[in-house]
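Readers should treat all values here as calculations from the given coordinates under stated rules, not as data from a laboratory. These numbers were taken from a predicted model, which means no experiment stands behind them.
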Amino acid sequence: MKTVVKSGVNTADINRLRPDYYNNLFYKYKAKIENEHPNKKYMIISECQKDQEFNKLNEQEQQDIFFDLMAIERKLR
């Protein structure tokens, strides 16, 4: 006789419990970019990439935050 055990995982709970590293980083470095001299903006984006939270993002999120921060750079010129 086979016994079947169904184990359901509610992904909404997992996503809710996972810290939102992307938004934390984006708003932190967006504020720095907006408040600094244009010459320092590339250094700020590089600083973001060295942040510990940046390494916790998956590859797609890392690319997204880089391009989103670069877009802020272009808008402010």
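Maximal additional length on extending the Ile72-Asn23 stretch stands at 16.2 nm, based on 0.36 nm per residue less the C-alpha distance.
For the pair Glu53 and Lys40 in one chain, pulling the backbone fully straight at 0.36 nm per residue adds 2.6 nm over the alpha carbon distance. Take every Cα pair under 8 Å whose residues are at least 6 apart in sequence, average their separation, divide by the length of segment 20-75, and the relative contact order is 48 percent.
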